[in-house]
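> Could you have a look at this structure, given as structure tokens, before my questions?
The values are calculated or read from the model by the stated rules, or taken from the named source; none is laboratory data. Given the structure is predicted, the values throughout are model-derived calculations rather than measurements. Reconstructed Cβ throughout: ideal geometry from the backbone, glycine too, with neighbour counts over all protein chains shown. Side chains included, ligands, DNA and RNA excluded: accessible areas come from the protein's heavy atoms. Shrake-Rupley method; radii C 1.70, N 1.55, O 1.52, S 1.80 Å.
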Amino acid sequence: MITGDAQGRSRERSQALEAEAALVIPGAVNSNFRLSTAPPHRFWESAQGSRLTDVDGNEFIDYVLGMGSAVLGHSPAPLLSRVADAQDLLQCPAGQQRAEVELARKITSLLPSAELVRVGCTGSEMVHLAFRLARAATGRPLVVKFEGHYHGWYDSTFSGTTSLPPPGEFGAPVQSAGQSPGALADLAVLPWNDLELLNAFVGARGHEVAAIIMEPVLCNTSVILPREGYLEGVRKLCDEHGIVLIFDEVITGFRLAAGGAQAMLGVTPDLTVLGKALGAGFPIAGLAGRSSLMQLLASGAVMHGGTYNGNAMAVAAAVAALDALSDKDKAVHARLRHVGELLVEGLERLSSGGTGSLSVQGVGPVFNTAFDPPGPITDCRSYLASNLSKQLAFISALDAEGVRVTSRGTWFVSTAHTEADVELTLEAADRALRRIS
Ligand code: PMP
């Protein structure tokens, strides 16, 4: 049962802790994405399955799930016991251990593009490594990314999400005070899902382009699918011009299918960035790819380091997560899709029932809500034309109902979510939509 008053869930203890935190932690948060004002800040006490409980004792059905990491739900018992066993033996040897080999084997057996694998701790650093490998392999400087695609917060990538280049220009704008404009000189930001425009850009500047990076399903902006033929077209273009194609599957990897979006959509990149579902809540990320590229690391020609890379707890978590997600009969992903689709269909029914101009899009295991879009949402700019303040009002109203969704309106589903969760969520969403309409 969801506890607490739907109209005003107490935040007394959260607020007291937030005031204390602000004295010792800038902004009272450890990631700027948590500075967001909607839904209200809470301090979390415990989590189990699909539920998250705050320090005031309010329970939430959680669709944030560690920004998509907790694909098996919170605190999955088989995974936690594998982590506990691993940490009893050793934690951080700064050297090799057996489980690293087991993990790399699992990844290469699941992911179409993976011949060799390295692991680190965060998606941002593995993107950094992917760029380095692509530049080393091609001897070219430029990386092409797309509007609304997020590839981490590092100087050389953090652009084209909160700030876009003027229409028709492709220079990468600085998005943070203190960010090095020099680091962005080798990044171009293009609109996504527009093959003609990309063809023209590569036709003119292909000799400068080391890599094209994208989220194969655009999960950081409204969960947008590639247009039919787009990924195939980009793959062909990269082959023709000797450009490294990087899929950032930090969200989609192991979530959309055991083989990620690349298996689902049938297009194989040269390099794949992995994270989130890989560790099911533990800090581990990966870079997998073609042997000819990844082997550049073997000689030491291309540098990759990290004190915590391959630490025993994270590797054990990843091995356990992939055991759970690599089921041969595909039942786990069928279940994720089923529960996600029940939610999507239910929300669409509510919208067509007249309680909101809500548009829902995505693929079952991850989808997005948007309000009053003037037309189909096919890229970043068409999403930004939707009613973003209504989106925030909806998220806040859901919070008051005990349903937690990311502040950008992205919903992640886990294997722990049940049909009963869906029913409670849709009742809450109905009330939330009535309140904001
Ligand atoms: N790529 C994508 C697609 C992501 O969604 C994220 C994180 N949200 C990252 C990269 C960066 O990963 P991390 O936060 O682990 O650095």
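> Quick one: if you stick a label point 7 Å off each Cα along the C-beta vector at residue 101 and residue 345, how many nm between them?
4.7
> OK, next. Is any residue of the range 53-67 close enough, with backbone N under 19 Å, to a label point placed 7 angstrom from the Cα of residue 16 along the Cα-Cβ axis, and if so, which?
Correct set: 53-59.
> Give the shape of the range 392-435 as rounded, prolate or oblate, defined through the alpha-carbon gyration tensor: a ≥ b ≥ c are the square roots of its eigenvalues, a/c under 1.5 means rounded, and otherwise the shape is prolate if a/b is larger than b/c and oblate if not.
Oblate, because a/c is 1.5 or more while a/b does not exceed b/c.
> 7 Å from Cα along Cα→Cβ at both residue 48 and residue 388: what's the point-to-point distance in nm?
Label-label distance for residue 48 and residue 388, simple model: 3.9 nm.
> Then there's this: Show me the three semi-axes of the equivalent ellipsoid for the range 118-235, from the C-alpha gyration tensor (sqrt of 5 times each eigenvalue), largest first, rounded to whole Å.
Equivalent-ellipsoid dimensions as semi-axes: 20, 17, 16 Å.
> If you don't mind, another one. Let me check something: with ligands and nucleic acids excluded, how do 98, 290, 51, 34 order by accessible area (1.4 Å probe), largest to smallest?
Highest to lowest solvent-accessible surface, that is 98, 34, 290, 51.
> Continuing with this model, one more query. Among all helices in the chain defined by DSSP H, which have a length of 27 Å or more along the axis from Cα atoms plus a Kyte-Doolittle mean of at least -0.5?
Helices passing the filter in the chain: 331-350.
> Apply 1/(1 + (r/R0)^6) to the Cβ-Cβ distance of residue 108 and residue 418, taking R0 = 30 Å, and write down the FRET efficiency to the nearest 0.05.
Efficiency, from the Cβ-Cβ distance: 0.35.
> Here's another thing I want to ask about it. How many angstrom lie between the Cα centre of the range 286-320 and the Cα centre of the range 132-202?
A separation of 25 Å, based on Cα centres.
> Rounded to the nearest 500, what is the chain's calculated 222 nm mean residue ellipticity when only DSSP H runs of at least 4 contribute -39500 (n - 2.57) each, over all residues?
-11500 deg cm²/dmol
> Within a Cβ distance under 9 Å of residue 290, other residues only, what is the Lys/Arg minus Asp/Glu net charge?
Spelling it out: positives minus negatives among the neighbours equals -2.
> Continuing with this model, one more query. With an 8 Å cut-off on Cα pairs and a minimum separation of 6 or more residues, tell me the relative contact order of the chain in percent.
Taking the mean separation of contacting Cα pairs over the length of the chain, I get 22 percent.
> Okay, next question. Of 236/276; 145/276; 106/330; 106/328, which sit over 23 Å apart, Cα to Cα?
As for pairs spanning more than 23 Å Cα to Cα, those are 236/276.
> Please sort 418-426, 72-80, 265-273, 206-214 by packing, taking for each peptide the average over its residues of neighbouring beta carbons within 10 angstrom, highest first.
The most tightly packed comes first, giving 265-273, 206-214, 72-80, 418-426.
> What is the gain in length, in nm to one decimal, between residue 33 and residue 328 on full extension, counting 0.36 nm per residue of separation less the C-alpha to C-alpha distance?
102.6 nm
> Local charge sum around residue 309 (other residues, Cβ-Cβ under 12 Å, Lys/Arg +1, Asp/Glu -1)?
Summing Lys/Arg as +1 and Asp/Glu as -1 gives -1.
> Here's something else I'd like to know. Just reorder 67, 126 by solvent-accessible area, largest first, 1.4 Å probe, all chains present.
If we order 67, 126 from most to least accessible, we get 67, 126.
> Let me ask you something else. Calculate the spin-label point distance for residue 204 paired with residue 437, positioning each point 7 Å from the Cα along the beta-carbon direction, and give it in nanometres.
About 4.6 nm separates the two model spin labels.
> Hey, another quick one. Shape call for the range 216-302 from the C-alpha gyration tensor, a ≥ b ≥ c root eigenvalues: rounded (a/c under 1.5), prolate (a/b greater than b/c) or oblate?
Here the range 216-302 falls in the oblate category.
> Taking a label point 7 Å from the Cα of residue 292 along the Cα→Cβ vector, which residues of the range 222-259 have an amide N closer than 20 Å to it?
Counting backbone N atoms under 20 Å from the label point, the list is 232-247.
> Another one. Kindly sort 230, 150, 308 by accessible area of their heavy atoms, largest first, with the probe set to 1.4 Å.
Descending accessible area places them as 308, 150, 230.
> Let me know the shape class of the range 155-202, please: from the alpha-carbon gyration tensor, a ≥ b ≥ c as square roots of the eigenvalues, rounded when a/c is under 1.5, otherwise prolate if a/b is greater than b/c, or oblate.
It comes out prolate by the Cα gyration axes.
> Assigning unit charges at the beta carbon (Lys, Arg +1; Asp, Glu -1) and nothing else, what dipole magnitude in debye, to the nearest 20, does the range 1-130 show about its Cα centre?
Result for the range 1-130 is approximately 300 debye, rounded to the nearest 20.
> Quick one: which of 275-281, 248-254, 342-348 comes out on top by average Cβ neighbours within 10 Å, and what's the full order, highest first?
So the order, starting with the most tightly packed, is 248-254, 275-281, 342-348.
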